[in-house]
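Engineer: Dropping a structure here in structure tokens format, bear with me for questions.
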Amino acid sequence: MSLPIKKVCFIGAGTMGCFNSLLASAAGYECLIYDPFEEALENRSNNQAKLADFLNHENFFKGVDVNAAIKKIYDCSDLKLALDGTDLISESIPENLELKTKLFQKLEGLVDKKTIITTNTSGLSLEALSNQMSPKFQFAAMHFHLGSRLVDIVKGTHTNEETIKSIKNFIKTLGCHGIEFKNRNSSYALNPMLGALTSQSMLMVIEGKYSIDEIDGAWKAINNNNIGPFGIMDMLGLDIINNAWQEQDKESRLIEYKDKILKFLSPYINRNYLGIKSGKGFLSYPSIDIGHKKNNYEIIQKDLYIGIIEAALLLVADNILDKNDINKVWTIGTSLKKGPIDILDNMGKENFKKQYKNWVNKEYISPRSSEIILRLIDTI
């Protein structure tokens, strides 16, 4: 038996809080956004309208009265008041372990033990967060992907199956697909693959091989999609992308590119070109039309998929998912018809290895990762 969920409190009025609450409000839930910063709450409805307009290039909210859903969401800067009568909490504050831990410990003194507490963290260890909380509280990761119907679920250290069932039912009522992960230290599955796409896109521009318009144009034209890699980053927010790269530590497989990427992002951050929310990022908004198909698009597409396939194979190597589930995660998460393993099969393993080694030589691929991939490729 799952616990009934009627009222949901979203903590954090940033991009993810806006997206997640809009999904829930559109599904008929009573929704409230808490943020201690009045300015964030004042901008909330406008930011949601911009986000919905952008996502509707892909008909994401087809058939939904978005304006009505936005108006139904309540804003609150008083945490105790915001939590009154709440059945489910969805936290989306900045990715900082100390900051999140303090918030969750504060929540423990304000909510009933029946209230489900969830985090939308993208990269922090759920085990580290969960271990800081009292065993009497039901805590889990319910990680939404911006612009996607995919939701990752990870059970907390002391979380029971009844809670997980309630979360899965809630996700289903939003018209989303929940995928449960057993590893509390993983960074899910879609994130590493999208991270490979976006980081590789930036590296190709840094090298001077292609322009932003060429890369987004190639992705959009060949995938019959209205959003390219740089559009995805604008949707997430370039300040969020920048912060994520600043948090890369020496254990990250992407650490070799940290300085290059931060230098590339710096002019945009300094000019407050943060993406959709500021009206300009890598691209200008509301218009995102970036031209017509060019002859080099297929070459660019092959380059982009090298990194995505690598990230997918590393998920297999780390026992996060098997190859069939990886295709499922990618197609649900991106709405594309083929997954990375499908693309690999079409490309052929020998052809992939040849292109992959070329990328290793260009230092686009971590040497630590390449050893794993070249051993694994023939066993897939």
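Engineer: Antiparallel DSSP bridges in the chain: what percent, to the nearest 5?
Structural biologist: Counting DSSP beta bridges with both partners in the chain, the antiparallel share is about 20 percent.
Engineer: Against the longest alpha carbon principal axis of the chain, how many degrees, from 0 to 90 and to the nearest 10, is the axis of helix 258-270 turned?
Structural biologist: Relative to the chain, helix 258-270 is tipped by roughly 60 degrees.
Engineer: Magnitude of the Cβ-charge dipole of the chain, K/R +1 and D/E -1, about the Cα centre, nearest 20 debye?
Structural biologist: 520
Engineer: Report, in degrees rounded to the nearest 10, the 0 to 90 angle that the Cα long axis of helix 297-317 makes with the longest principal axis of the chain.
Structural biologist: Helix 297-317 sits at roughly 60 degrees to that axis.
Engineer: For region 183-234, calculate the relative contact order in percent as a whole number, restricting contacts to Cα pairs under 8 Å that are 6 or more residues apart.
Structural biologist: Details: 26 pairs, mean separation 15.2, N = 52.
Computed over region 183-234, the figure is 29 percent.
Engineer: Please work out whether region 95-164 counts as rounded, prolate or oblate from its C-alpha gyration tensor, where a ≥ b ≥ c are the square roots of the eigenvalues and a/c under 1.5 means rounded, while otherwise a/b larger than b/c means prolate and anything else oblate?
Structural biologist: Here region 95-164 falls in the oblate category.
Engineer: Turning to a different aspect of this structure: Sort 269-279, 163-173 by packing, meaning the average of other beta carbons within 10 Å per residue, with the highest value first.
Structural biologist: Put in order of decreasing packing, that is 163-173, 269-279.
Engineer: Return the percentage of antiparallel bridges among DSSP beta bridges fully within region 140-184, rounded to the nearest 5 %.
Structural biologist: Working: 5 of 10 bridges.
That works out to approximately 50 percent antiparallel.
Engineer: A further question on this structure: Estimate the FRET efficiency between residue 354 and residue 243 by the formula 1/(1 + (r/R0)^6), using the beta-carbon distance for r and 22 Å for R0, to the nearest 0.05. Can you show the working numbers first?
Structural biologist: Numbers: r = 36 Å, r/R0 = 1.65.
Working from the Cβ atoms, E equals 0.05.
Engineer: Rounded to the nearest 5, what % of DSSP beta bridges with both residues in region 7-181 are antiparallel?
Structural biologist: 15
Engineer: Another question about this same structure. At 7 Å along the Cα-to-beta-carbon direction for both residue 78 and residue 112, put a label point, then send me their distance in nm to one decimal.
Structural biologist: Output for this residue pair reads 2.1 nm.
Engineer: Any chance you could give the angle, 0 to 90 degrees and rounded to 10, that helix 15-26 forms with the longest Cα principal axis of the chain?
Structural biologist: Long axis of 15-26 versus the principal axis of the chain: about 60 degrees.
Engineer: With r defined as the distance between the Cβ atoms of residue 99 and residue 157 and R0 fixed at 22 Å, what FRET efficiency is calculated, to the nearest 0.05? It would help to have the intermediate numbers written out before the result.
Structural biologist: Details: r = 20 Å, r/R0 = 0.91.
The formula returns an efficiency of 0.65 here.
Engineer: With the cut-off at 1.5 for a/c, could you classify the chain from its C-alpha gyration tensor as rounded, prolate or oblate?
Structural biologist: Numbers: a/c = 1.78, a/b = 1.42, b/c = 1.26.
Prolate is the answer for the chain, as a/c is 1.5 or above and a/b outweighs b/c.
Engineer: Which value in deg cm²/dmol, rounded to the nearest 500, describes the helix-derived mean residue ellipticity at 222 nm for the chain, given -39,500 (n - 2.57) per DSSP H run of n ≥ 4 and division by the residue count? Can you show the working numbers first?
Structural biologist: Numbers: 17 runs with 194 residues, N = 380.
When only DSSP H runs of four or more count, the value is -15500 deg cm²/dmol.
Engineer: Is region 190-379 rounded, prolate or oblate when judged by the Cα gyration tensor, a ≥ b ≥ c being the square roots of its eigenvalues, rounded requiring a/c under 1.5 and prolate requiring a/b larger than b/c?
Structural biologist: It comes out prolate by the Cα gyration axes.
Engineer: Related question: Could you name the lysines in cross-link range of residue 337, using Cα to Cα under 19 Å and dropping any fewer than eight places away on the same chain?
Structural biologist: 220, 302, 323, 328
No lab work stands behind these numbers, since they all come straight from the coordinates. If you're wondering where the values come from, they're calculated on a predicted model, not measured in any experiment. Positions of Cβ are backbone-derived with ideal geometry, glycine not excepted, and every protein chain shown enters the neighbour counts.
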